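Computed from the coordinates by the stated procedures, all read-outs in this text should not be read as laboratory data. What you are looking at is a predicted structure, and each value in this text was computed from that prediction instead of being measured. In this analysis, Cβ positions are derived from the backbone assuming ideal geometry, glycine residues included, and neighbour counts consider all displayed protein chains.
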Amino acid sequence: MLAISLLAPGSRASAQAVPPPLDAPAGRLEYDGRSEFSHIRIRRSGHIRSMLFVRDGGEEVLESRIDLRRPHVLQFEYLRLFFATYLLQPQQQDVLIVGLGGGGMVHFLRRLDPAIRIDAVEIDPAVVALAGKYFDVHSEGTTRIVTADGLQYIAAAEKRYDAIYMDAFLKPSAATDSTGAPLALRTGEFYRQLQARLNPGGVVAFNLNPHADLENDIREIAAAFRQTYVLPLARGGGAVVLASPDQARIPPGELAARGRDLDRRHRSTVRFQELAARLQR
């Protein structure tokens, strides 16, 4: 999930698919309801549908956005950066997504590789229901949607994954940071549990929204994993961090070669060669 105010500036996608800016009007209201965890709204403007969380002061915070004509086209820069994981682990057969939102990552992965096995864990049953009704994200085929606390799921899981995508946010509280990221998912113990759930060569991607302790969060991830790659967002101040328990760092030339091969193999709206160039910095 994104967790960004609609008043904040946005980023642009590739020339093939330019989503509306984050401060564009979210459109007419289709749903307004409350769950145990959040006050949620669904809005639609033309073919763009958005899931928003409403803060106590009434501010709408954009969590997910989908182009209903092309749901596989990722609408946010951080999501495109997430899939730099393929440069570290090009053969992803089993992946875990923690934090479902509107399911943009599910749609992308299904299009990228229809055979990939996806487990998506979401703590809020209302979000799961809304993702099904409004964003066409369901448990079907090789996709399994699980309603559970991500911390508890990872602690109890026996399955291992090639990539884990951490994108879980809640209403800000004493149990979260200022952006709504659960503090229990920012501990050394949790990072050890994540590594235990990885296959050899596996990687974890973290979505870190801008906040006062961002640099400290990055340092703690780097202390827990042997290899980390930090990709700052072009605008907005957040970052995506890729973390791996691998002993050796991948040389820039190898990253570039992997990017070229991935672009040839997948022909995706994500440009892997561009991501490889950013990882080399």
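List the relative contact order of the range 77-279 as a percent without decimals, with contacts defined as Cα pairs under 8 Å and 6+ residues apart.
22
Have a look at the DSSP beta bridges in the range 149-281 and tell me what percent are antiparallel, nearest 5.
Working: 12 of 17 bridges.
Beta bridges within the range 149-281, antiparallel portion: roughly 70 percent.
Please state the shape class of the range 199-263: rounded when a/c is under 1.5, otherwise prolate if a/b exceeds b/c and oblate if not, all from the C-alpha gyration tensor. Can you show the working numbers first?
Working: a/c = 2.49, a/b = 1.41, b/c = 1.76.
Oblate is the answer for the range 199-263, as a/c is 1.5 or above yet b/c matches or exceeds a/b.
Can you put Val146, Val137 in order, fewest other beta carbons within 10 Å first? Write down the numbers at each step before the final one.
Working: Val146 18, Val137 27.
Lowest count first: Val146, Val137.
How do the peptides 247-256, 156-165, 46-55, 209-218 rank, highest first, by the average count of neighbouring beta carbon atoms within 10 Å per residue?
46-55, 156-165, 209-218, 247-256
Give me the extension gain from Ile116 to Ser35: residue separation times 0.36 nm, minus the current Cα-Cα distance, reported in nm with one decimal.
Extra length available between Ile116 and Ser35 comes to 26.1 nm.
Could you give the dipole magnitude of the chain about its Cα centre, charging the beta-carbon of Lys and Arg +1 and that of Asp and Glu -1, in debye to the nearest 20?
So the dipole magnitude of the chain works out to roughly 960 debye.
Give the span of the chain's Cα atoms along each principal axis, as three whole-Å numbers ordered largest to smallest.
Dimensions of the chain along the principal axes of its Cα atoms: 49, 40, 38 Å.
Please name which of Gly253, Leu242, Val203 has its Cα lying farthest along the dipole of the chain towards the positive end, using unit charges on Cβ (Lys, Arg +1; Asp, Glu -1) and the Cα centre as origin.
Gly253
State, to one decimal in nm, how far the label point of Ala184 lies from the label point of Glu254, with both points 7 Å from Cα in the Cβ direction.
So the label points at Ala184 and Glu254 sit 3.7 nm apart.
When only Cα pairs under 8 Å and 6 or more residues apart are kept, what is the percent relative contact order across the range 164-281?
That works out to 20 percent.
Rounded to the nearest 500, what is the chain's calculated 222 nm mean residue ellipticity when only DSSP H runs of at least 4 contribute -39500 (n - 2.57) each, over all residues? Before the final figure, lay out each step's value.
Values: 9 runs with 80 residues, N = 281.
Helices in the chain give a 222 nm mean residue ellipticity of -8000 deg cm²/dmol.
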